[in-house]
1. Whose amide H sits under 5 Å from the amide H of Gly281, counting only residues 5 or more places off or on another chain, with H placed in the peptide plane?
2. Ratio of Rg to Rh for the range 276-359, alpha carbon only, Kirkwood?
3. Which order, highest average first, do 245-255, 151-161, 176-186 follow once you tally other Cβ atoms within 10 Å for each residue and take the mean per peptide?
4. What net charge do the residues around Lys270 carry, taking every other residue with its C-beta under 15 Å from that of Lys270, with Lys and Arg at +1 and Asp and Glu at -1?
5. What does the net charge come to around Arg161 if you take all other residues with beta carbon closer than 15 Å to its beta carbon, with K and R at +1 and D and E at -1?
6. Report the per residue volume, in Å³, of the convex hull enclosing the C-alpha atoms of the range 130-271.
7. Give me a comma-separated list of calculated 3J(HN,Hα) values for the range 363-376, in order, Karplus coefficients 6.51, -1.76, 1.60 applied at θ = phi - 60°, integers in Hz, x for any Gly or Pro.
8. Using only the Cα atoms of the range 238-285, each taken as one equal point scatterer with no solvent, compute I(q) by the Debye sum, divide by I(0), and report log10 of the ratio at q = 0.17 Å⁻¹.
Amino acid sequence: QARRRPVRAAASQMAFAVATSARRLPCRHRFGPSLRRAGAAAVTAIAASAVAAVGARAGIAARATVPGARGLPFAGSPSRSSARAMGNAASASGGAPEGGIMDPVAAAEAIYSVYQQGFAFPSWSVEMLKSGELDDYARSVTVYYRSGDDVEDVKRMATEREPVNIAMGRRYNEHQLQQHFGYSRGAYQRSTETHLMPNIAIYCRTPIRGTGAQKARVHVINVVGYAFDSTSQPDYKYFFPLAANSDKWHELVDRMQQVWRFAFECARRKSLKRVFLADVGGGAFSTYLERASPGYAALKRASLPPVMEEYKDIVEVRQLPRIPDWVFSEEGQRLLEDSLLMNAWDPWSMVGNGNAADNSLDGFWGRCTAMAVLCWPKTNTQMQWESVGPPH
C-alpha cells in the first residue's frame, strides 16, 4: 500500500492537470461550443486513459475522479468511450492482462463499476470489505457441489459470473467485464444440448440491512433452480421437449432433488435447526415448464418430499416469508440464529442479480445484504468448497 500511494497521487495529479486544461482549450474563437465540448471530452478520456495506464502498472484500480465528470451510465464507472480508452491504454502500457489477479477490494470496485446504473449491489458492502468488517463472514462461506462433478468446472461456475442476467437480458458492460476479469459472459455458456455445467449452491452468513438503522445477521443458502424462462436458456435446450415419465423428466426430478439436498445438508453441517424454503425454479423460471411439461408443481411434488423424508429428524421445514421484512419482525429476531433461509439464485449471475432493479427473490436478497462480494471467489478468497452426495 505504501508503494502504491505515490503512484496513485501521480495518477490523480495527471488526471487533474490534463482534464483542467481540457476546459481551457484554445479554440473558443474558431470553433463552436459543440466542437469545444467534444474536444474537452476527448482530452478528459485521455486523462482517464493515463490514470488506467499508471494504475495498471501499480496493480491498483483506476478510480481517479476526473473534474467535470457527469451522467455516468454505469454504476460508478466512466462513460463507455472513456472506459474503452482506459482498456486500450492499459493494454498498450503493458498493464495487467485481462483477468489478471487483483486484490478483493479492487475486484469489488471493478465489478461494481461494470453494472448498469441502478442494478448494482449495495455500495456499503464494498465499504465493509475495505474496512475488514466482512472478514468473519467471508470465512463462513461454503460452496456446495455434487460429488463426482468436475471441480474445475465447479470453480468456473462460481467465478465466471455475469453481474446481471434477467431472462437472458444482460444489464452490464461486457467489454469492461472482459477488460477487468478476462471473460464477458458466464461459465454456464459452456453448457450444450447434451451436457450441463455443474449446479452449485453457496452458503453465506451475511449482514443484512432493513429500513433506517435496522441491521442483523442471517444464514442464507443460495441455490440454483433450472431456468425455463427463455428458449435461449441452456436448460431449455438440454431438457426440451419434456414429457411426463420421459427420461428427461426423471433426470430433471433427480437434479432438483440435488438442489433441495444442498440446502438440507448445509443445515445439517452448520447445525441449523430449520430451513425456510422458497419455490426454487418456480415463478418466472418455470414459464416454459408450465406451457409444455407437467409443470413446476409436479416437479416440486416429485423432488422435494424424498429429501424432506431423509432429513425429517434433523431439520424443521418452513416456508420462506417476505424478505427482508420478516428478518426484523419479532418472530424473525427470535429464530434467525439457528435458521437457514433460502435464496432462489441464477445459473448465470452474481448473487443478487439485478438487486434494486430486480423484483425477484434474488433481487430482494441482493439489495439488502453483502452476498454479492461474499459469494464471489474474486472478492472472497477464504471460501470453502464441499461436495454433497446424491439423494439416498
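The values are calculated or read from the model by the stated rules, or taken from the named source; none is laboratory data. This is a predicted model, so every value here is computed, not measured. Glycine gets a Cβ as well: all are built from the backbone with ideal geometry, and neighbour counts include every protein chain shown. The area values use the complete protein model at the heavy-atom level, side chains included, leaving out ligands, DNA and RNA. Shrake-Rupley method; radii C 1.70, N 1.55, O 1.52, S 1.80 Å.
1. Long-range HN contacts for Gly281: Gly225.
2. Ratio of gyration radius to Kirkwood radius for the range 276-359: 1.00.
3. Listed from highest to lowest mean packing, they are 176-186, 151-161, 245-255.
4. On the way: positive: Arg139, Arg205, Arg217, Arg261, Arg268, Arg269, Lys273, Arg274; negative: Asp136, Glu265, Glu316, Glu337, Asp338, Glu386.
Cβ neighbours under 15 Å give a net charge of +2.
5. So the surrounding residues net to 0.
6. Dividing the Cα hull volume of the range 130-271 by its residue count gives 169 Å³.
7. Those phi angles translate into x, 5, 5, x, 6, 10, 10, 9, 5, 4, 7, 6, 9, 10 Hz.
8. -0.63
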